[in-house]
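What follows is a short report on a single structure.
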Amino acid sequence: MHLADLVLGALLADGSGAATPPKIHEASLEAGMRVVVVARAAAADTQASAPTVAVVVALPVGYANDAVTPGSGWAAFAAGHATFDLPRWSSVVGGDSTRFFATLPADMVEAGLAELAKRLVADGVEEERFNKFVEQRKVEPGSVLDRLREAAYPTTRDGGAIATAARRTRDELKTFLSDRIGSEGAVVALVGPGTPAALELAALHAFATIPRAHGVAPRDQREPMPRNARRVDAPAGASGGEAGVRLPWRADERGDLVALAVAWLEARTGHDATHVVATSQGALVGFAGEAAEVTALAGALDGASAAADAIDDGQVEAAIARVVQRADATAADPARLAAELADGAARHGDPLATFGRAARLHAAAAETTVRLKELIRAAARIDVVPAAARPAGA
């Protein structure tokens, strides 16, 4: 019984090997914001403490479309300002979206959501708080992942800078929030105790004053795939690096093929992917390691690409099993489940996309194997190498 409580909805396997999805409830604001809820009982071993609700808010604006000029840093600045002095909230800025994460007391969900919602509208930019944020704001130096992404997509917004250290003004932030942040295309995902109606109502009340956004900047045309492997320097001070492959864009409505490719690459290399960055250009899959490991990781990825034509149905089945196993683990973790629901609803319009992958891939088994071969065969490798491990002449 304890396990059934912990694993939301008691995810069971059907005849296709696919996990049974959790039961979700959806509501929406007139202006286009979606609210996705999975109500679950508090786990038995946490009843001694106050029950909590995992929350993810996804907004359809990121560093690649935060302004006419990519890399202006406005998405990151706005996200930092929104979560400043809100210890329950954190944020991650991606290419096309910004995600806000929190674990809120079950009896304070509406209040917790409202404190974030207030910071996402122009009226919420209070002068004293803004000035304090600007004084204390620090822009993190580029990470290994940033260098990997920039090397993978050097000519489009997908490889642009996430943030800059430029001085900002309060009026500029208010204009950005008015023009770019709104309810249309946004998603709020909640996983935790409470009735679906109560959780939905809390989200709808908290975000009722969020207006529609004016839209996002147009995107660049797809960037050609690299002809040769790219190797770039790791950021100063980095002790490790990352070897990655860029997968070309494919018509992949719910991300099934990319998820399968990641699972197959993990099985081939013997390592879990550290980063998977989905963009309009395709997907970037990175495997991190210490300086001495990067060369071996790169070799393993080269070997995987070279083995594309040898992919058989057994390997595909093993990769699908890995996808299902990951979905099961996601469903058991409220925070991960909320993030998955928000991502699926925002990116694919299907909050439960990850839970139906096995069935969809099995339904077109022969085509799945062919498409996976094509995708892996066309992969391009990018390495971020620390100075200590950089091969001579590279």
Please go through (1) closer than 30 Å to Ser90 by Cβ; (2) open to solvent by 10 Å² or more (accessible area, probe 1.4 Å) for Arg360 and return the number of the only condition it doesn't satisfy. (1)
Residues being surrounded by fewer than 21 Cβ atoms within 10 Å (Cβ to Cβ) and within 14 Å of Ala319 (Cβ to Cβ): count how many of those fall in the range 338-357. 0
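Determine whether Ala329 is in contact with a strand residue (DSSP E or B) (Cβ under 7 Å, 6 or more places away or on another chain), in a helix (DSSP H, G or I), open to solvent by less than 60 Å² (accessible area, probe 1.4 Å) and among the small types (Gly, Ala, Ser).
Numbers: in contact with a strand residue (DSSP E or B) (Cβ under 7 Å, 6 or more places away or on another chain): no; in a helix (DSSP H, G or I): yes; open to solvent by less than 60 Å² (accessible area, probe 1.4 Å): yes; among the small types (Gly, Ala, Ser): yes.
Judged against the criteria, Ala329 is not a match.
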Inspect the range 357-377 for any residue being closer than 14 Å to Glu253 by Cβ, touching a residue at least 40 places away in the same chain (Cβ under 8 Å) and assigned to a loop (DSSP other than H, G, I, E, B) and give the result as yes or no. no
Counted residues, the range 187-210 - those being farther than 21 Å from Ala335 by Cβ and either among the aliphatic types (A, V, I, L, M) or out of contact with any helix residue (DSSP H, G or I) (no Cβ under 8 Å at 6 or more places or on another chain) (or both): 5
In this structure, does Arg381 turn out to be among the charged types (D, E, K, R), outside any helix (DSSP H, G or I) and in contact with an Asp or Glu (Cβ under 7 Å, 6 or more places away or on another chain)? yes
Residues located in the range 71-108, provided they are β-branched (Val, Ile, Thr) and under 21 Å from Glu126 (Cβ atoms): Thr83, Thr98
Restricting to the range 155-181, and then to whatever is touching a strand residue (DSSP E or B) at 6+ places or on another chain (Cβ under 8 Å) and not charged (D, E, K, R), can you tell me which residue is least open to solvent (accessible area, probe 1.4 Å)? Ile181
Take the residues of the range 66-76 that are surrounded by fewer than 24 Cβ atoms within 10 Å (Cβ to Cβ) and of a type outside the set (A, V, I, L, M): which is modelled with the highest pLDDT? Gly73
Can you name every residue in the range 351-377 that is under 26 Å from Val36 (Cβ atoms) and not small (Gly, Ala, Ser)? Pro351, Leu352, Thr354, Phe355, Arg357, Arg360, Leu361, His362
Filtering the range 230-269 for residues that are open to solvent by less than 60 Å² (accessible area, probe 1.4 Å), over 15 Å from Val144 (Cα atoms), touching a residue at least 24 places away in the same chain (Cβ under 8 Å) and assigned to a loop (DSSP other than H, G, I, E, B) leaves a count of 1
Of everything in the range 132-142 that's open to solvent by less than 50 Å² (accessible area, probe 1.4 Å) and in contact (Cβ under 8 Å) with a residue 40 or more places away in the chain, which residue is farthest from Val232 (Cα to Cα)? Phe133
So which of Gly142, Gly192, Gly241, Gly255 is on the phi > 0 side of the Ramachandran plot and in contact with a Pro (Cβ under 8 Å, 6 or more places away or on another chain)? Gly192
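The values are calculated or read from the model by the stated rules, or taken from the named source; none is laboratory data. The structure presented is a predicted model; accordingly, all values stated were derived computationally and were not measured. Positions of Cβ are backbone-derived with ideal geometry, glycine not excepted, and every protein chain shown enters the neighbour counts. Accessible surface is based on the protein model in full, side chains and every heavy atom, while ligands, DNA and RNA are left aside. Shrake-Rupley method; radii C 1.70, N 1.55, O 1.52, S 1.80 Å.
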